[in-house]
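See below for the structure under consideration.
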Amino acid sequence: MMIMEKDRILAEKKSLRKRMRKLRSEIPAQERQIISSRITAELSRQYFFQDANVVMAYASMLEEVQLYDLMKFSLDIGKKVCIPFIKGNGIMDAVELLSMGDLVEDDYSILTVCEERRHMVDPSSIHCIIVPGTAFSPNGARLGLGGGFYDRFIKNKAPHAYRVALAFDFQVVDDVPVEDCDIPVDCIITEKRTIQCSKR
């Protein structure tokens with residue numbers, strides 16, 4: 001990729017991230033919770049979630065689709081739940097979440113599992129990954145948060161896992177600027193629709 005082309009894509013990514021973050025931040029908290037419940041309920045009906053013994057989620061930030069009730073539900077029905085553990089240097093692993101009470105803030109101001117309860121999960125055992133993002137296209141292109149952690153984790157450690165995005169419907173746009181290193185998702189679930197992006 002030529003330098004000018006790469007700069008153009010990076011600028012487009014930055015602009016789209018900023019626009020989407022603004023839109024997400026404008027959703028009232030109560031409405032966000034209602035929408036989140038609708039989205040996660042739809043996920044719970046999908047075969048790839050029901051068949052998954054090990055699910056990877058993440059501790060959602062305030063303006064994102066909220067996943068805490070989904071993680072608790074998954075634990076209650078006997079699934080193994082794991083969430084990201086950032087090791088630094090762009091490296092991310094998966095750590096098992098045994099209880100919602102084990103969540104603490106890490107050095108990156110992200111909730112993760114407290115040190116005394118921290119057990120790493122073999123990425124090859126993960127069946128379904130809920131992948132965060134700021135924007136998605138109907139064909140599965142994903143605009144991440146900018147660090148590339150999920151792209152590297154999926155490509156190098158869990159390429160087999162089914163990848164699903166849970167997003168507000170306005171986050172699905174016609175076109176998302178991508179680079180060769182950007183890993184797409186297999187499915188997008190919003191409060192209005194479920195989009196199958198791949199045949200996996």
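For this structure, a couple of remarks:
- Some residue of segment 119-126 being in a strand (DSSP E or B) and farther than 30 Å from I27 by Cα: yes
- Test: residue in segment 63-78 that is under 17 Å from M120 (Cα atoms), modelled with pLDDT of 95 or more and of a type in the set (S, T, Y): no
- Of all residue pairs spaced 6 or more apart or on separate chains, those with beta-carbon atoms under 7 Å, a first member in segment 70-92 that is among the β-branched types (V, I, T) and a second member that is loosely packed, with under 13 Cβ neighbours inside 10 Å are I86/Y108.
- Segment 10-65, subset in a loop (DSSP other than H, G, I, E, B) and aliphatic (A, V, I, L, M), residue nearest to C82 (Cα to Cα): A57
- For segment 19-35, the set of residues classified as under 23 Å from G146 (Cα atoms) and either within 18 Å of the chain's Cα centre (by Cα) or in contact (Cβ under 8 Å) with a residue 60 or more places away in the chain (or both) consists of M20, R21, L23, R24, S25, I27, listed by residue number.
- Single match in S125, S109, S99, S137 (criterion: among the small types (G, A, S) and free of Cβ contacts under 8 Å to residues at least 24 places away in the same chain): S109
- Whichever residue in segment 79-96 is at pLDDT below 95 and not in a strand (DSSP E or B) and, among such residues, is nearest to F149 (Cα to Cα): G90
- Among residues of segment 67-80, those that are under 16 Å from the mean Cα position of the chain (by Cα) and either among the acidic types (D, E) or surrounded by fewer than 21 Cβ atoms within 10 Å (Cβ to Cβ) (or both), counted: 2
The values are calculated or read from the model by the stated rules, or taken from the named source; none is laboratory data. Bear in mind the structure is a predicted one, so any value in this text is a computation, not a measurement. Note that each Cβ is placed from the backbone with ideal geometry, even for glycine, and that neighbours are counted across all protein chains shown.
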